[in-house]
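Please read the structure below before turning to the comments.
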Amino acid sequence: LPAADRTVLAVHRTFTYAHTLAHAHLTRQYARVGLSIPRFNVLRLLHHAPDGHLTMRQLSAFLAVSPPNITKLVDGLEKEDWVARSIVPKDRRSTYITLTERGERDFIALLPNVVDVWADMWSPLNADERLAFAALLQKFAAQFD
């Protein structure tokens, strides 16, 4: 590809490689505390939901996963009594998902372990580098909003 911008090729290759390694690392580390990345993200979104709940459609959109995938995730979390479903009063076709008391308690208890995983993962970068990297990622991600 003689006409290709070499910086584009380099950044794409590096980003893809880093993403693959980071995802595999997080998968292993989250498994140690009994979670998967998608399950953690559902719990995180519900924990921070302004009204204390989100619809299945909102969870699907926030996580960029298909409705069948979010249904499977919620089914598993519901089976473990971490989340509960309820019908949206003004739209009986929609379902709210809420953390149960157990789900909230367990999520809060797991959070320090997860934050330790993140701190370890980002430890090769100093604080200024982490902030600069976060700003670059925000700028990059903004094009997809």
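The values are calculated or read from the model by the stated rules, or taken from the named source; none is laboratory data. Since this is a predicted model, take the numbers as computed values, not measurements. A quick note on method: Cβ atoms are made from the backbone with ideal geometry, for glycine too, and the neighbour counts reach across all protein chains shown. In case anyone asks, the SASA skips ligands and DNA or RNA and just uses the protein heavy atoms, side chains included. Shrake-Rupley method; radii C 1.70, N 1.55, O 1.52, S 1.80 Å.
Residues in the range 36-77 that are charged (D, E, K, R) and within 21 Å of residue 114 (Cβ to Cβ): 39, 44. Cβ separations smaller than 8 Å between residues 6+ apart or across chains give the following pairs from the range 93-108 residues that are touching a residue at least 12 places away in the same chain (Cβ under 8 Å) and of a type in the set (Phe, Trp, Tyr) to residues that are open to solvent by less than 30 Å² (accessible area, probe 1.4 Å) and part of a helix (DSSP H, G or I): 107/43. Total residues in the range 84-110 satisfying the condition of being open to solvent by less than 50 Å² (accessible area, probe 1.4 Å) and of a type in the set (A, V, I, L, M, F, W, C): the figure is 6. Among the residues making up the range 111-131, those that are open to solvent by 90 Å² or more (accessible area, probe 1.4 Å) and assigned to a loop (DSSP other than H, G, I, E, B) are 122, 124. Residues that are under 13 Å from the mean Cα position of the chain (by Cα) and either polar (S, T, N, Q) or in a strand (DSSP E or B) (or both) within the range 30-56 comprise 36, 41, listed in sequence order.
Just the residues that are at pLDDT 95 or above and open to solvent by 90 Å² or more (accessible area, probe 1.4 Å), please, taken from the range 38-52. Matches in the range 38-52: 48 only.
Across the range 63-98, the number of residues qualifying as more than 20 Å from residue 111 (Cα to Cα) and assigned to a helix (DSSP H, G or I) comes to 8.
So that you can scan it fast, the table gives a plain yes or no per residue for (1) of a type in the set (D, E, K, R); (2) over 22 Å from residue 70 (Cα atoms); (3) buried (at least 16 other Cβ atoms within 10 Å of the Cβ); (4) free of Cβ contacts under 8 Å to residues at least 40 places away in the same chain:
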{"position": "1", "(1), (2), (3), (4)": "no, yes, no, yes"}
{"position": "16", "(1), (2), (3), (4)": "no, yes, no, yes"}
{"position": "28", "(1), (2), (3), (4)": "yes, no, no, yes"}
{"position": "36", "(1), (2), (3), (4)": "no, no, no, yes"}
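Of note, residue 20 does not satisfy the criterion of being surrounded by 10 or more Cβ atoms within 10 Å (Cβ to Cβ), outside any helix (DSSP H, G or I) and within 17 Å of the chain's Cα centre (by Cα).
If you check 55, 71 for being open to solvent by 30 Å² or more (accessible area, probe 1.4 Å), of a type in the set (Ser, Thr, Tyr), under 21 Å from residue 99 (Cα atoms) and touching a residue at least 12 places away in the same chain (Cβ under 8 Å), only one passes: 71.
The single residue among 33, 65 that is modelled with pLDDT under 95, under 17 Å from residue 103 (Cβ atoms) and not polar (S, T, N, Q) turns out to be 33. Is it the case, given these coordinates, that residue 59 is in a helix (DSSP H, G or I), of a type in the set (A, V, I, L, M) and in contact with a His (Cβ under 8 Å, 6 or more places away or on another chain)? Taking the combined requirement at face value, the residue does not satisfy it.
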